[in-house]
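The values are calculated or read from the model by the stated rules, or taken from the named source; none is laboratory data. All values derive from a computational prediction rather than experimental measurement. Ideal geometry is used to build each Cβ from the backbone, glycine not excepted, and the neighbour counts take in all protein chains shown.
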Amino acid sequence: MLSIGVIGYGYWGPNLVRNFHETPGCRVAAVCDLDAKKLAVLQSRYPAIDVGSDVDALLRRTDIDAVLVATPISTHFELARRALEAGKHVLVEKPLADTTERCDRLIEIADRQKRLLMVDHTFPYTGAVRKIKELIDARALGDLLYYDSTRINLGLFQSDVSVVWDLAIHDLSIIDYLFPEKPVAVSCTGHAHVKGHPANTAFLTLYFQSNCIAHINVNWLAPVKVRLTLIGGSEKMVVYDDTEVTEKVKIYDKGITVNPTAENIQRMRVGYRAGDMWAPLLDGAEALKVLAGHFRDCIATGATPVSSAACGRRLVRTMEAATESMSRQGAVVTL
(Lines give C-alpha, C1' and ligand atoms only; values in the text may rest on other atoms or scores of the structure.)
Protein backbone atom coordinates (compact mmCIF):
# COMPACT_ATOMS: atom_id res chain seq x y z
CA MET A 1 0.00 0.00 0.00
CA LEU A 2 1.47 3.33 -1.12
CA SER A 3 0.86 5.95 1.57
CA ILE A 4 0.53 9.48 0.19
CA GLY A 5 0.69 13.02 1.49
CA VAL A 6 -0.74 15.90 -0.52
CA ILE A 7 0.56 19.48 -0.28
CA GLY A 8 -2.03 21.95 -1.57
CA TYR A 9 -5.82 21.58 -1.63
CA GLY A 10 -6.75 24.46 -3.93
CA TYR A 11 -7.81 24.07 -7.56
CA TRP A 12 -6.13 20.75 -8.45
CA GLY A 13 -5.60 19.21 -5.03
CA PRO A 14 -9.18 17.88 -4.66
CA ASN A 15 -8.83 16.01 -7.98
CA LEU A 16 -5.57 14.43 -6.82
CA VAL A 17 -7.04 13.39 -3.47
CA ARG A 18 -10.15 11.86 -5.07
CA ASN A 19 -8.30 9.88 -7.72
CA PHE A 20 -5.50 8.60 -5.51
CA HIS A 21 -8.04 7.76 -2.79
CA GLU A 22 -9.92 5.61 -5.33
CA THR A 23 -6.80 3.96 -6.81
CA PRO A 24 -6.14 0.40 -5.57
CA GLY A 25 -2.85 0.15 -3.72
CA CYS A 26 -2.86 3.83 -2.73
CA ARG A 27 -3.87 5.47 0.53
CA VAL A 28 -4.08 9.25 1.02
CA ALA A 29 -2.82 9.62 4.58
CA ALA A 30 -2.53 13.40 5.00
CA VAL A 31 -3.26 16.70 3.27
CA CYS A 32 -1.56 20.01 4.02
CA ASP A 33 -2.98 23.44 3.15
CA LEU A 34 -3.02 26.95 4.63
CA ASP A 35 -6.78 27.36 4.19
CA ALA A 36 -8.58 25.90 7.21
CA LYS A 37 -11.98 26.11 5.47
CA LYS A 38 -10.80 23.95 2.59
CA LEU A 39 -9.37 21.42 5.02
CA ALA A 40 -12.68 21.32 6.89
CA VAL A 41 -14.50 20.47 3.66
CA LEU A 42 -11.90 17.80 2.92
CA GLN A 43 -12.25 16.19 6.33
CA SER A 44 -16.04 16.10 6.07
CA ARG A 45 -15.66 14.05 2.88
CA TYR A 46 -12.67 11.95 3.93
CA PRO A 47 -12.67 11.69 7.74
CA ALA A 48 -9.82 9.16 7.73
CA ILE A 49 -7.37 11.63 6.14
CA ASP A 50 -5.25 13.72 8.52
CA VAL A 51 -5.22 17.45 7.79
CA GLY A 52 -2.95 20.30 8.82
CA SER A 53 -0.96 23.35 7.73
CA ASP A 54 2.56 22.25 8.71
CA VAL A 55 4.52 20.97 5.69
CA ASP A 56 7.50 19.99 7.83
CA ALA A 57 5.29 17.80 10.01
CA LEU A 58 3.94 16.03 6.94
CA LEU A 59 7.44 15.45 5.54
CA ARG A 60 8.69 14.08 8.87
CA ARG A 61 6.06 11.34 8.89
CA THR A 62 7.74 7.97 8.36
CA ASP A 63 4.48 6.34 7.27
CA ILE A 64 4.22 8.55 4.14
CA ASP A 65 5.98 7.14 1.07
CA ALA A 66 5.13 9.73 -1.56
CA VAL A 67 4.18 13.40 -1.73
CA LEU A 68 1.97 15.13 -4.32
CA VAL A 69 2.71 18.85 -4.81
CA ALA A 70 -0.32 20.87 -6.01
CA THR A 71 0.66 24.46 -5.21
CA PRO A 72 1.52 27.62 -7.22
CA ILE A 73 4.35 27.22 -9.73
CA SER A 74 6.73 29.45 -7.77
CA THR A 75 6.67 26.96 -4.88
CA HIS A 76 7.14 23.75 -6.88
CA PHE A 77 10.91 23.64 -6.66
CA GLU A 78 11.25 24.25 -2.94
CA LEU A 79 8.49 21.86 -1.91
CA ALA A 80 9.64 19.11 -4.27
CA ARG A 81 13.23 19.55 -3.10
CA ARG A 82 12.25 19.24 0.55
CA ALA A 83 10.08 16.18 -0.14
CA LEU A 84 12.82 14.41 -2.09
CA GLU A 85 15.43 15.16 0.56
CA ALA A 86 13.00 13.75 3.14
CA GLY A 87 13.14 10.48 1.21
CA LYS A 88 9.72 10.70 -0.46
CA HIS A 89 8.74 9.89 -4.02
CA VAL A 90 7.29 13.04 -5.60
CA LEU A 91 4.60 13.91 -8.14
CA VAL A 92 4.55 17.61 -9.05
CA GLU A 93 1.66 19.44 -10.67
CA LYS A 94 2.73 20.90 -14.04
CA PRO A 95 5.20 22.43 -14.67
CA LEU A 96 8.03 20.67 -12.84
CA ALA A 97 9.64 24.00 -11.85
CA ASP A 98 9.88 27.58 -13.02
CA THR A 99 13.39 27.31 -14.55
CA THR A 100 15.43 24.67 -16.34
CA GLU A 101 18.20 25.04 -13.77
CA ARG A 102 15.80 24.17 -10.96
CA CYS A 103 14.53 21.17 -12.93
CA ASP A 104 18.11 19.94 -13.22
CA ARG A 105 18.64 20.31 -9.48
CA LEU A 106 15.47 18.34 -8.70
CA ILE A 107 16.47 15.56 -11.10
CA GLU A 108 19.92 15.37 -9.47
CA ILE A 109 18.40 15.12 -5.98
CA ALA A 110 15.92 12.45 -7.09
CA ASP A 111 18.73 10.39 -8.62
CA ARG A 112 20.86 10.75 -5.52
CA GLN A 113 17.99 9.81 -3.21
CA LYS A 114 16.88 7.00 -5.55
CA ARG A 115 13.33 8.33 -5.52
CA LEU A 116 10.81 8.72 -8.34
CA LEU A 117 10.21 12.27 -9.56
CA MET A 118 7.23 12.59 -11.92
CA VAL A 119 5.22 15.47 -13.38
CA ASP A 120 1.42 15.65 -13.56
CA HIS A 121 1.11 16.16 -17.33
CA THR A 122 -2.38 14.71 -17.55
CA PHE A 123 -3.12 14.67 -21.31
CA PRO A 124 -0.78 11.79 -22.26
CA TYR A 125 -2.92 9.63 -19.94
CA THR A 126 -6.23 10.41 -21.68
CA GLY A 127 -7.83 7.74 -23.84
CA ALA A 128 -7.89 10.13 -26.81
CA VAL A 129 -4.18 10.96 -26.80
CA ARG A 130 -3.19 7.35 -26.11
CA LYS A 131 -5.26 6.23 -29.11
CA ILE A 132 -3.52 8.79 -31.34
CA LYS A 133 -0.20 7.48 -30.03
CA GLU A 134 -1.21 3.96 -31.10
CA LEU A 135 -2.00 5.22 -34.60
CA ILE A 136 1.32 7.06 -34.90
CA ASP A 137 3.36 4.13 -33.59
CA ALA A 138 1.60 1.80 -36.05
CA ARG A 139 2.46 4.22 -38.88
CA ALA A 140 -1.25 4.53 -39.70
CA LEU A 141 -0.83 8.27 -40.33
CA GLY A 142 2.34 7.88 -42.37
CA ASP A 143 5.00 10.56 -41.92
CA LEU A 144 3.95 13.31 -39.51
CA LEU A 145 3.63 16.66 -41.27
CA TYR A 146 2.13 19.07 -38.75
CA TYR A 147 0.43 19.60 -35.40
CA ASP A 148 -1.99 22.53 -35.25
CA SER A 149 -3.79 23.31 -31.99
CA THR A 150 -6.21 25.97 -30.73
CA ARG A 151 -6.64 26.07 -26.96
CA ILE A 152 -8.63 29.16 -26.04
CA ASN A 153 -11.25 30.28 -23.51
CA LEU A 154 -12.37 33.29 -21.44
CA GLY A 155 -10.15 33.30 -18.30
CA LEU A 156 -8.79 32.23 -15.91
CA PHE A 157 -6.25 35.10 -15.91
CA GLN A 158 -3.10 34.21 -13.96
CA SER A 159 -0.98 36.75 -12.15
CA ASP A 160 2.23 34.72 -11.86
CA VAL A 161 2.57 32.94 -15.23
CA SER A 162 1.70 33.67 -18.85
CA VAL A 163 -0.78 31.75 -20.97
CA VAL A 164 2.19 29.83 -22.41
CA TRP A 165 3.00 28.27 -19.03
CA ASP A 166 -0.67 27.73 -18.17
CA LEU A 167 -2.21 26.42 -21.43
CA ALA A 168 0.48 25.80 -24.07
CA ILE A 169 2.22 23.36 -21.73
CA HIS A 170 -0.68 20.94 -22.37
CA ASP A 171 0.05 20.84 -26.09
CA LEU A 172 3.78 20.67 -25.48
CA SER A 173 3.25 17.59 -23.31
CA ILE A 174 1.06 16.00 -26.00
CA ILE A 175 3.67 16.69 -28.70
CA ASP A 176 6.47 15.34 -26.49
CA TYR A 177 4.47 12.14 -25.98
CA LEU A 178 3.23 11.65 -29.55
CA PHE A 179 6.08 12.74 -31.77
CA PRO A 180 9.12 10.47 -32.29
CA GLU A 181 11.39 13.51 -32.58
CA LYS A 182 11.83 16.53 -30.32
CA PRO A 183 11.64 20.17 -31.50
CA VAL A 184 14.93 21.90 -32.19
CA ALA A 185 13.75 25.52 -32.09
CA VAL A 186 10.76 27.65 -31.13
CA SER A 187 9.29 31.00 -32.11
CA CYS A 188 6.61 32.78 -30.08
CA THR A 189 4.64 36.00 -30.31
CA GLY A 190 2.14 37.21 -27.73
CA HIS A 191 0.69 40.11 -25.85
CA ALA A 192 -0.63 41.10 -22.43
CA HIS A 193 -3.93 42.97 -22.73
CA VAL A 194 -4.28 43.48 -18.98
CA LYS A 195 -1.75 45.85 -17.46
CA GLY A 196 0.41 44.28 -14.80
CA HIS A 197 -0.40 40.72 -15.89
CA PRO A 198 1.62 38.27 -18.03
CA ALA A 199 0.75 37.64 -21.68
CA ASN A 200 -2.77 36.32 -22.13
CA THR A 201 -2.49 35.59 -25.88
CA ALA A 202 0.32 33.69 -27.55
CA PHE A 203 1.17 31.87 -30.79
CA LEU A 204 3.96 29.30 -30.69
CA THR A 205 5.68 27.60 -33.62
CA LEU A 206 7.90 24.57 -33.04
CA TYR A 207 10.49 23.49 -35.60
CA PHE A 208 11.85 19.96 -36.08
CA GLN A 209 14.80 18.49 -37.97
CA SER A 210 12.34 16.90 -40.41
CA ASN A 211 9.81 18.86 -42.46
CA CYS A 212 7.30 18.58 -39.59
CA ILE A 213 6.06 21.76 -37.90
CA ALA A 214 3.81 22.48 -34.91
CA HIS A 215 1.68 25.53 -34.18
CA ILE A 216 -0.09 26.30 -30.90
CA ASN A 217 -2.62 29.10 -30.37
CA VAL A 218 -3.44 29.83 -26.71
CA ASN A 219 -5.65 32.62 -25.40
CA TRP A 220 -7.41 33.56 -22.14
CA LEU A 221 -9.40 36.31 -23.87
CA ALA A 222 -11.69 34.36 -26.23
CA PRO A 223 -15.51 34.41 -26.24
CA VAL A 224 -15.73 30.62 -26.60
CA LYS A 225 -13.90 27.58 -25.26
CA VAL A 226 -12.08 25.69 -28.01
CA ARG A 227 -9.86 22.63 -27.57
CA LEU A 228 -9.20 21.57 -31.15
CA THR A 229 -6.10 19.83 -32.51
CA LEU A 230 -5.31 18.76 -36.08
CA ILE A 231 -2.52 16.30 -36.76
CA GLY A 232 -1.57 15.85 -40.39
CA GLY A 233 0.16 12.79 -41.76
CA SER A 234 1.19 11.77 -45.25
CA GLU A 235 -1.37 8.94 -45.22
CA LYS A 236 -4.15 10.02 -42.83
CA MET A 237 -5.14 12.99 -40.69
CA VAL A 238 -6.57 13.28 -37.18
CA VAL A 239 -9.03 15.75 -35.69
CA TYR A 240 -8.97 15.74 -31.89
CA ASP A 241 -11.70 17.85 -30.26
CA ASP A 242 -11.48 17.59 -26.49
CA THR A 243 -14.81 19.40 -26.03
CA GLU A 244 -16.65 16.55 -27.75
CA VAL A 245 -18.45 14.23 -25.36
CA THR A 246 -18.28 11.09 -27.48
CA GLU A 247 -16.29 11.23 -30.73
CA LYS A 248 -13.23 13.12 -29.48
CA VAL A 249 -10.92 11.60 -32.10
CA LYS A 250 -11.75 11.30 -35.80
CA ILE A 251 -9.43 9.85 -38.43
CA TYR A 252 -9.72 11.05 -42.00
CA ASP A 253 -8.36 9.08 -44.94
CA LYS A 254 -7.56 12.28 -46.78
CA GLY A 255 -4.41 13.80 -48.21
CA ILE A 256 -2.52 14.61 -51.36
CA THR A 257 -0.32 12.83 -53.87
CA VAL A 258 2.45 14.72 -55.60
CA ASN A 259 3.83 13.46 -58.93
CA PRO A 260 5.94 15.10 -61.63
CA THR A 261 4.20 15.57 -64.95
CA ALA A 262 5.42 13.61 -67.93
CA GLU A 263 5.97 16.80 -69.92
CA ASN A 264 8.24 18.52 -67.43
CA ILE A 265 9.91 16.73 -64.56
CA GLN A 266 10.39 20.10 -62.83
CA ARG A 267 6.65 20.67 -62.59
CA MET A 268 4.68 18.90 -59.90
CA ARG A 269 1.09 17.79 -60.12
CA VAL A 270 -0.89 17.68 -56.86
CA GLY A 271 -3.73 15.19 -56.59
CA TYR A 272 -6.23 15.03 -53.76
CA ARG A 273 -7.24 11.84 -51.98
CA ALA A 274 -10.56 11.63 -50.12
CA GLY A 275 -11.56 8.49 -48.28
CA ASP A 276 -13.54 7.45 -45.23
CA MET A 277 -13.72 9.00 -41.78
CA TRP A 278 -14.06 6.95 -38.62
CA ALA A 279 -14.08 7.58 -34.88
CA PRO A 280 -12.28 4.87 -32.87
CA LEU A 281 -13.50 3.57 -29.53
CA LEU A 282 -11.59 5.30 -26.72
CA ASP A 283 -10.72 4.18 -23.22
CA GLY A 284 -13.10 6.14 -20.99
CA ALA A 285 -11.00 5.93 -17.82
CA GLU A 286 -10.34 9.28 -16.14
CA ALA A 287 -6.85 10.44 -17.10
CA LEU A 288 -5.84 11.35 -13.57
CA LYS A 289 -6.82 7.91 -12.32
CA VAL A 290 -4.68 6.32 -15.04
CA LEU A 291 -1.82 8.61 -13.99
CA ALA A 292 -2.27 7.64 -10.32
CA GLY A 293 -1.98 3.96 -11.16
CA HIS A 294 1.04 4.66 -13.36
CA PHE A 295 2.74 6.57 -10.51
CA ARG A 296 2.10 3.65 -8.15
CA ASP A 297 3.41 1.09 -10.65
CA CYS A 298 6.56 3.06 -11.53
CA ILE A 299 7.46 3.27 -7.84
CA ALA A 300 6.93 -0.47 -7.47
CA THR A 301 8.83 -1.53 -10.59
CA GLY A 302 11.38 1.24 -11.11
CA ALA A 303 10.05 1.91 -14.62
CA THR A 304 10.45 5.34 -16.23
CA PRO A 305 7.10 7.16 -16.25
CA VAL A 306 5.53 8.64 -19.36
CA SER A 307 5.57 12.11 -17.76
CA SER A 308 9.07 11.74 -16.34
CA ALA A 309 11.17 14.47 -14.79
CA ALA A 310 13.26 14.51 -17.99
CA CYS A 311 10.08 15.18 -19.96
CA GLY A 312 9.14 17.94 -17.51
CA ARG A 313 12.56 19.48 -17.94
CA ARG A 314 12.24 19.51 -21.76
CA LEU A 315 8.91 21.33 -21.55
CA VAL A 316 10.23 23.93 -19.11
CA ARG A 317 13.18 24.57 -21.44
CA THR A 318 10.78 25.01 -24.37
CA MET A 319 8.61 27.46 -22.41
CA GLU A 320 11.67 29.42 -21.31
CA ALA A 321 12.75 29.66 -24.95
CA ALA A 322 9.21 30.67 -26.00
CA THR A 323 9.19 33.39 -23.35
CA GLU A 324 12.56 34.65 -24.60
CA SER A 325 11.30 34.59 -28.19
CA MET A 326 8.16 36.53 -27.22
CA SER A 327 10.31 39.24 -25.61
CA ARG A 328 12.21 39.47 -28.92
CA GLN A 329 9.05 39.73 -31.06
CA GLY A 330 9.09 36.19 -32.32
CA ALA A 331 12.81 35.61 -32.91
CA VAL A 332 13.63 31.92 -33.33
CA VAL A 333 15.32 30.46 -30.26
CA THR A 334 17.26 27.19 -30.50
CA LEU A 335 16.44 24.49 -27.97
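Here's the yes/no breakdown for (1) without any contact (Cβ under 8 Å) to a residue 24 or more places away in the chain; (2) assigned by TED's automatic domain parsing to the domain that holds residue 79; (3) closer than 13 Å to residue 14 by Cβ; (4) surrounded by fewer than 18 Cβ atoms within 10 Å (Cβ to Cβ):
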position: 27; (1), (2), (3), (4): no, yes, no, yes
position: 30; (1), (2), (3), (4): no, yes, no, no
position: 35; (1), (2), (3), (4): no, yes, yes, yes
position: 43; (1), (2), (3), (4): yes, yes, yes, yes
position: 49; (1), (2), (3), (4): no, yes, yes, no
position: 52; (1), (2), (3), (4): yes, yes, no, yes
position: 55; (1), (2), (3), (4): no, yes, no, no
position: 63; (1), (2), (3), (4): no, yes, no, yes
position: 67; (1), (2), (3), (4): no, yes, no, no
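Of all the criteria given as (1) outside any loop (DSSP other than H, G, I, E, B); (2) of a type outside the set (D, E, K, R); (3) free of Cβ contacts under 8 Å to residues at least 60 places away in the same chain; (4) closer than 15 Å to residue 113 by Cβ, the one not satisfied by residue 87 is (1). Of all residues in the stretch 113-120, one or more are over 17 Å from residue 319 (Cα atoms) and in a helix (DSSP H, G or I).
For the stretch 293-315, give me each residue that is more than 22 Å from residue 172 (Cβ to Cβ) and assigned to a helix (DSSP H, G or I). If the condition is that a residue be more than 22 Å from residue 172 (Cβ to Cβ) and assigned to a helix (DSSP H, G or I), then 293, 296, 297, 299, 300, 301 are the ones that fit. Taking the stretch 135-151 as the range and being of a type in the set (A, V, I, L, M), touching a helix residue (DSSP H, G or I) at 6+ places or on another chain (Cβ under 9 Å) and either crowded, with 20+ Cβ neighbours inside 10 Å or assigned to a helix (DSSP H, G or I) (or both) as the test, the residues that pass are 136, 141, 144. Filtered by the rule that a residue be buried (at least 18 other Cβ atoms within 10 Å of the Cβ) and among the acidic types (Asp, Glu), the stretch 79-134 gives 93, 98, 120.
Scanning the stretch 125-150 for residues that are in contact with a Pro (Cβ under 9 Å, 6 or more places away or on another chain) and among the β-branched types (Val, Ile, Thr) returns a single hit, 136. Only residues that are touching a helix residue (DSSP H, G or I) at 6+ places or on another chain (Cβ under 9 Å), basic (Lys, Arg) and not in a helix (DSSP H, G or I) were counted across the stretch 269-292, and they come to 0. Tell me, please, whether a residue that is free of Cβ contacts under 8 Å to residues at least 24 places away in the same chain and under 19 Å from residue 120 (Cα atoms) can be found in the stretch 13-22. Checked against the condition, which is being free of Cβ contacts under 8 Å to residues at least 24 places away in the same chain and under 19 Å from residue 120 (Cα atoms), the stretch 13-22 yields at least one hit.
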